[in-house]
Ligand code: UDX
């Protein structure tokens, strides 16, 4: 089997590399020549644990290569995956499909023989139909099928999510395409991964429904956390108490400053727009989007309150900037709402993140960046933990006390124990715990 992966962003690079690990010949294509050149030198454009080694192994084995030449990659491929970006369109929140459609046109011009074209990017319902129409128009005689095969990769554990997924979803009504897809995922059949075959439109919707459900679950526990604070209950015990009910499930019930990242904010918004267009509004999801936006903005108030009502002239030491640990991704991170609000309120902000500093410096220029947690916290008036990187968990009360000028900690990920912090004399604010 031979495939071409169009787009070497997060999804394309991880999926292409993992397919090559399955034993398939993969050519990854990108228009960005600098990115491809770096990949030739085994320099990854993103931070993802384990990816660099997996790329190196498969390149060495001759199964994985990188090119800017789409035509040669698509020619003779059994399947061509479209894994280009679908950002939120400025102004209306719809997914911007211009990159997907441009890729479809180029694929149409380059393909030879029967080809399965697979949309891996998260695309609104009906995009597969549009891709099919584009290709048919350019190549009326070509033999091809368009299949939807959404990804469910989490940043930071994307390789494991690809190699050992909970399920694979494949949307096609063509037996010929189904056969090709089965071959590509043969390894997963061997480990008895559930494969859901369905229609293309259903498959497209599954991706959005899955992500919006998870975003809703997080937002639900975040609001329960707020209630816990008011009534003197512990949100972790609530999460455990409800999560052990198999119908609810214990995952994605960890409270925090609000969800961020490259998927949930964009996908919830896009589904809301689609539902409105079809006159079937998703009122729950509309509320989730609104509650989450407001939550991220409200987090700075916790810091102000913990500092006695004002942060003016105070030094705030921020640990963690990315939207979650084990990634360098800053997209829609809560830090992008919290830090500007603190700066606006007159705080002097110092920050450190193990992998996100490069991106953060572009997005949050008005603060001081430090080399490590120690220099960030030295003589600070308050510590604000935004992202729960493991190395921050290891900071104990003694160490924190020695570093900070005042023993004030705002922990937006609940990594420390409230009783221990209180005993050590800290003013400690966390989420949803007495
Ligand atoms: C998500 C989906 O999980 C994945 O299936 C999809 O393909 C892409 O989007 P990702 O964005 O990488 O993956 O991160 P995820 O681990 O899902 O976390 C998303 C956000 O929710 C983060 O900001 C995280 O901090 C937050 N979150 C997650 C919580 O606040 N609480 C939780 O319990 C879980």
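The values are calculated or read from the model by the stated rules, or taken from the named source; none is laboratory data. What you see is a predicted model, and the numbers here were worked out from it, not measured in a lab. Every residue, glycine as well, gets a Cβ built from its backbone with ideal geometry; the counts of neighbours run over all protein chains shown.
In table form, for the structure just shown:
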quantity	calculated
Yes/no for residue 160 being surrounded by fewer than 17 Cβ atoms within 10 Å (Cβ to Cβ), within 14 Å of the ligand (Cβ to nearest atom), within 23 Å of the chain's Cα centre (by Cα) and assigned by TED's automatic domain parsing to the domain that holds residue 12	yes
Failed item, numbered, when residue 310 is tested on (1) touching a helix residue (DSSP H, G or I) at 6+ places or on another chain (Cβ under 8 Å); (2) within 22 Å of residue 221 (Cβ to Cβ)	(2)
Any chance residue 118 is closer than 24 Å to residue 46 by Cβ, part of a strand (DSSP E or B) and either at pLDDT 95 or above or within 16 Å of the ligand (Cβ to nearest atom) (or both)	yes
Residue 434 vs. criteria outside the structural domain of residue 312 (by TED's automatic domain parsing) and over 27 Å from the mean Cα position of the chain (by Cα)	yes
Sole exception among (1) outside any helix (DSSP H, G or I); (2) touching a helix residue (DSSP H, G or I) at 6+ places or on another chain (Cβ under 8 Å); (3) surrounded by fewer than 15 Cβ atoms within 10 Å (Cβ to Cβ) for residue 192, by number	(2)
Failed item in (1) assigned by TED's automatic domain parsing to the domain that holds residue 374; (2) free of Cβ contacts under 8 Å to residues at least 40 places away in the same chain; (3) more than 24 Å from residue 400 (Cα to Cα), with residue 309 passing the rest	(3)
Tally of residues being under 21 Å from residue 170 (Cβ atoms) and loosely packed, with under 15 Cβ neighbours inside 10 Å across region 137-146	1
Some residue of region 333-354 being within 13 Å of residue 261 (Cα to Cα), free of Cβ contacts under 8 Å to residues at least 40 places away in the same chain and buried (at least 24 other Cβ atoms within 10 Å of the Cβ)	no
Residues that are over 31 Å from the mean Cα position of the chain (by Cα) and either closer than 15 Å to residue 425 by Cβ or not assigned by TED's automatic domain parsing to the domain that holds residue 354 (or both), drawn from region 380-405	397, 398, 399, 401, 402, 403, 404, 405
Residues within region 358-399 that are within 16 Å of the ligand (Cβ to nearest atom), closer than 25 Å to residue 305 by Cβ and surrounded by fewer than 18 Cβ atoms within 10 Å (Cβ to Cβ), tallied	1
Selected residue [away from the ligand (no atom under 16 Å from the Cβ), touching a residue at least 24 places away in the same chain (Cβ under 8 Å) and buried (at least 16 other Cβ atoms within 10 Å of the Cβ)] from 324, 296, 314	314
First in region 194-219 and under 28 Å from residue 242 (Cα atoms), second anywhere and away from the ligand (no atom under 14 Å from the Cβ), Cβ under 6 Å, 6 or more apart	205/125; 212/285
Odd one out for residue 55 among (1) surrounded by fewer than 23 Cβ atoms within 10 Å (Cβ to Cβ); (2) within 22 Å of residue 74 (Cβ to Cβ)	(1)
Some residue of region 129-146 being assigned by TED's automatic domain parsing to the domain that holds residue 71, in a loop (DSSP other than H, G, I, E, B), out of contact with any strand residue (DSSP E or B) (no Cβ under 6 Å at 6 or more places or on another chain) and within 30 Å of residue 322 (Cβ to Cβ)	no
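Rundown of residues vs (1) modelled with pLDDT under 95; (2) not in a helix (DSSP H, G or I), yes/no style:
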{"site": "255", "(1), (2)": "no, yes"}
{"site": "266", "(1), (2)": "yes, no"}
{"site": "273", "(1), (2)": "yes, no"}
{"site": "279", "(1), (2)": "no, yes"}
{"site": "288", "(1), (2)": "no, no"}
{"site": "296", "(1), (2)": "no, no"}
{"site": "304", "(1), (2)": "no, no"}
{"site": "323", "(1), (2)": "no, yes"}
{"site": "336", "(1), (2)": "no, no"}
